[in-house]
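I have placed the structure first, in the form of structure tokens, so that the comments after it can refer back to it.
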Amino acid sequence: MKLSGKVAAITGAARGIGKACAKRFLDDGVKVVISDIDADGLAATAAELGRPDALRTVVGNVAKRADVDQLVATAVKEFGRLDVMVNNAGIARNQNILDITEQDFDEIIGINLKGALFGVQAAARQMIAQGGGGVIINMSSVNALLAIPTLATYAISKGGMKQLTSVAAVALAPHNIRVVAVGPGTILTDMVASSIYTSEDARKTVMSRTPAGRGGEPSEVASVVAFLASDDASYITGQTIYPDGGRLILNYTVPVKEK
Ligand SMILES: NC(=O)c1ccc[n+]([C@@H]2O[C@H](COP(=O)([O-])OP(=O)(O)OC[C@H]3O[C@@H](n4cnc5c(N)ncnc54)[C@H](O)[C@@H]3O)[C@@H](O)[C@H]2O)c1
């Protein structure tokens, strides 16, 4: 119970990886505030997780600064402080780079990157006000490094998140605040069902690039988040840790057209 007594806030936690992080934190003795834009999903998840002693919910859109501030304010109001912030909310849109509209770009960057910046700012302000210390964890992706052409805006957002994590880590180190990121490979959530596993061929393509031979479980990302949030990771800051089943270390192949 290395996290026992700490207070955490998680965005995008009505389902998927965020929900798994909430469950893991509750199991580890953390008091948790979960937030999501999907009010019904959030309420259903809170009911499923139970634990009214240690769990609160806030409906909010991470692309709106006031909503993210409200999440942090709720943690302080309900549990007295904030120790861990998980900027997890994100969306992906599978599309050809030439089809990306201004609205697509603004929405994806607004949620995935601007929302994470708002989370870093809101959490850090509170952590500094309470005397320093704390951990901010950004949910990145292998797409921070990989170039998958049908996920261009998503990849751009996660690439930006890599630098957000590095810059914020340096800026906040004097306050003893660690800023880290987790970059999962393919994890079996609704996002993957709707945007990645768009066909059986697409699923096989991902598997052909995943040495572990399977998609990851949300709990296998949550366990990395729990480690990074704990003092076991006290000397890790500014880095992205990739639970990816070996995906990033593969040397990719491309179709060869002999001339
Ligand atoms: N599943 C994967 O394979 C995978 C891989 C790498 C990174 N990630 C990242 O992990 C995070 C969670 O992904 P997931 O697979 O659990 O996705 P998911 O779609 O299952 O869940 C995302 C949650 O975020 C919420 N959300 C969406 N827009 C929001 C907004 N504007 N404000 C607040 N909440 C919002 C959704 O309602 C949903 O509950 C994302 O940042 C994603 O990019 C996922």
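Read the figures in this text as sums done on the coordinates, not as results from a lab. Because the structure is predicted, anything quoted here is derived from the model rather than measured. Heads up, the Cβs are rebuilt from the backbone with ideal geometry, glycines too, and the neighbour counts pull from every protein chain shown.
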*Starting from the Cα coordinates of the stretch 73-158, work out the convex hull volume and express it per residue in Å³.*
89 Å³
*asked:* How much length would be gained if the chain were fully extended between Ser208 and Leu98, taking 0.36 nm per residue of separation minus their Cα-Cα distance, in nm to one decimal?
replied: 36.9 nm
*With all pairs of different alpha carbon atoms counted, what Kirkwood hydrodynamic radius in Å does the stretch 41-194 show?*
16.5 Å
*In straight Cα distance, which lysines are under 23 Å from Lys2, not counting same-chain residues fewer than 8 positions off?*
Lys19, Lys23, Lys31
*For a label point 7 Å from the Cα of Asp53 along Cα→C-beta, name the residues of the stretch 77-98 whose backbone N is under 16 Å from it.*
79
_Ellipticity estimate at 222 nm from DSSP helix runs (n ≥ 4, -39,500 (n - 2.57)) divided over the chain, nearest 500_ = -13000 deg cm²/dmol
*Taking the Cα centre of the chain as origin and charging only Cβ (+1 Lys, Arg; -1 Asp, Glu), how large is the dipole, in debye to the nearest 20?*
480 debye
_Against the rule of thumb 2.2 N^0.38 Å, how large the Cα Rg of the stretch 139-178 comes out_ = 1.38
*Expressed as an acute angle from 0 to 90° and rounded to the nearest 10, what is the orientation of the C-alpha long axis of helix 39-49 relative to the principal long axis of the chain?*
70 degrees
_Could you tell me the center-to-center distance, by alpha carbons, between the stretch 23-75 and the stretch 225-257 in angstrom?_
26 Å
*Would you list, by chain and number, the aspartates and glutamates whose Cα falls below 17 Å from the Cα of Lys204, excluding same-chain residues fewer than 8 positions away?*
Asp244
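Determine the equivalent ellipsoid of the chain by diagonalising the alpha-carbon gyration tensor, then write out the semi-axes as square roots of 5 times the eigenvalues, largest first, rounded to whole Å. Numbers along the way, then the final one.
Working: eigenvalues 184, 71, 67 Å².
Largest first, the chain gives 30, 19, 18 Å.
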